[in-house]
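*Asks:* Just dropping this structure here.
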């Protein structure tokens, strides 16, 4: 992106803080909000500006931060990580970041510096900051905000003409200065040619014994340079995250933004305050989300589907017109027109073909349920292939594990599995075959045959009950509850 006055724009993200108030082994900037690490939210906001490059300053957990950055940006913007080995403050961290810039770059370009713990920042706000920076003699432009309670933030000091003079950290402020409600939010836009010499003039003469980036403002003013400020239209988006209370508050703001956007795009949420949609989830118009729904990861929900109440879908695809109630599904594909739930667990590798029904208290793992097939209630289906229109009676279990290995079960199209049947894998039940109630099937059942008893015996020449009657329709949404 071109910065103010036609200069190019680069960015620095300060992400080396210890985050001790989080009381966590996880680096602070990697704590997730709405499915993304905190620092990735910041990077996505910066990426919207299309900067020439982004430099991320890391400390503890740098390798994990690097992985999160790679996953979160997918190479859309060149990003380089540098390590601040000694934690000597934000001024020192910014100096470390400058070492990553090649000497052949124009030193008069603009450099945007943002904290890695401000996940609510919007691209539009940063874009406005760039515009406010101007094309002339401004050495730095600060993003500021006015807080009813400015505790913990550096206060903006202005002269009698209202011009920015300095930022004073709260620990070093006088009582009168602490009464100021305009604060710096650790977002700066610098002329890079003026930043490096200003950093060299910093001294750790403060309560923390650190090199403060905030002190650069006073250094630039003393050198006769102009410093400007742009007040954020929404102070809430400038708030940093330092502990888990603030993390939860920031996530609540992000969720409200996400929910509002989807409702404006045609998604119904019957109780938005109890609907949780991660940032990478995709929804189509005319989806209905009921109270207690949590959609996470890369979940996709097609038009006309009705999800919830009390349903969690993770990395799951839901087809058109499906109904999913009181269900947990992870790494699953649910076809169009399926009915699922209540009280269903769909584990990774499960695929439900169009029109399949999985009902009350059923667990399915790494299995394919065919088109129009039914697993109505109280069953476990693992490592199995259930053919189209097959029906598994209540209490059916695929015994897929022999203590060392998993084995597969295949149930053919139109087969009927009686209640309380155990299918000991590996086993194949042929098309149109039946099992009697309570059967323990230890061998293959030919197409059209009947297996009954313990262990099950196969009868090939028999007539299914009601063979002259058409098969029943799949249960409706309310059946079996």
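*Asks:* Within the bounds of the range 410-418, is there any residue that is assigned by TED's automatic domain parsing to the domain that holds residue 363, over 16 Å from residue 452 (Cα atoms) and under 37 Å from the mean Cα position of the chain (by Cα)?
*Replies:* Yes, the range 410-418 contains at least one residue that is assigned by TED's automatic domain parsing to the domain that holds residue 363, over 16 Å from residue 452 (Cα atoms) and under 37 Å from the mean Cα position of the chain (by Cα).
*Asks:* If you scan the range 248-291, which residues turn out to be in contact (Cβ under 8 Å) with a residue 40 or more places away in the chain, assigned to a helix (DSSP H, G or I) and under 23 Å from residue 337 (Cβ atoms)?
*Replies:* None; the set is empty.
*Asks:* Against the conditions (1) outside any strand (DSSP E or B); (2) farther than 16 Å from residue 47 by Cβ; (3) over 24 Å from the mean Cα position of the chain (by Cα); (4) in contact (Cβ under 8 Å) with a residue 12 or more places away in the chain, where does residue 141 fall short? Just the number, please.
*Replies:* (1)
*Asks:* Could you check the range 154-193 and list, in sequence order, the residues that are over 36 Å from the mean Cα position of the chain (by Cα) and part of a helix (DSSP H, G or I)?
*Replies:* Within the range 154-193, 172, 175, 176, 177, 178, 193 meet the criteria.
*Asks:* Looking only at residues that are at negative phi, loosely packed, with under 13 Cβ neighbours inside 10 Å and outside any helix (DSSP H, G or I) in the range 56-79, which one is farthest from the chain's Cα centre (by Cα)?
*Replies:* Here the residue is 78.
*Asks:* Report yes if some residue within the range 210-226 is part of a loop (DSSP other than H, G, I, E, B), out of contact with any helix residue (DSSP H, G or I) (no Cβ under 7 Å at 6 or more places or on another chain), free of Cβ contacts under 8 Å to residues at least 24 places away in the same chain and farther than 30 Å from residue 137 by Cβ; otherwise report no.
*Replies:* No: the range 210-226 contains no residue that is part of a loop (DSSP other than H, G, I, E, B), out of contact with any helix residue (DSSP H, G or I) (no Cβ under 7 Å at 6 or more places or on another chain), free of Cβ contacts under 8 Å to residues at least 24 places away in the same chain and farther than 30 Å from residue 137 by Cβ.
*Asks:* Continuing with the same structure: Among the strands (runs of 3 or more DSSP E) lying completely within the range 355-412, list those that include at least 1 residues that are more than 19 Å from residue 341 (Cβ to Cβ).
*Replies:* Result: 384-386, 397-399, 409-411.
*Asks:* Do we have any residue at all in the range 97-119 that's at pLDDT below 90 and under 13 Å from residue 11 (Cα atoms)?
*Replies:* yes
*Asks:* Being without any contact (Cβ under 8 Å) to a residue 60 or more places away in the chain, in a strand (DSSP E or B) and surrounded by fewer than 23 Cβ atoms within 10 Å (Cβ to Cβ) narrows it down to one residue among 294, 336, 329; which is it?
*Replies:* 294
*Asks:* For residue 348, state whether it is over 19 Å from residue 391 (Cβ atoms), in contact (Cβ under 8 Å) with a residue 12 or more places away in the chain and in contact with a helix residue (DSSP H, G or I) (Cβ under 6 Å, 6 or more places away or on another chain). If you could, list the steps in order and put the result at the bottom.
*Replies:* Values: over 19 Å from residue 391 (Cβ atoms): yes; in contact (Cβ under 8 Å) with a residue 12 or more places away in the chain: yes; in contact with a helix residue (DSSP H, G or I) (Cβ under 6 Å, 6 or more places away or on another chain): no.
The answer is no for residue 348.
The values are calculated or read from the model by the stated rules, or taken from the named source; none is laboratory data. Note that the structure is predicted; figures quoted are calculated from it, not measured. Don't worry about glycine lacking a Cβ; one is built from the backbone with ideal geometry, like all the others, and counts go over all protein chains shown.
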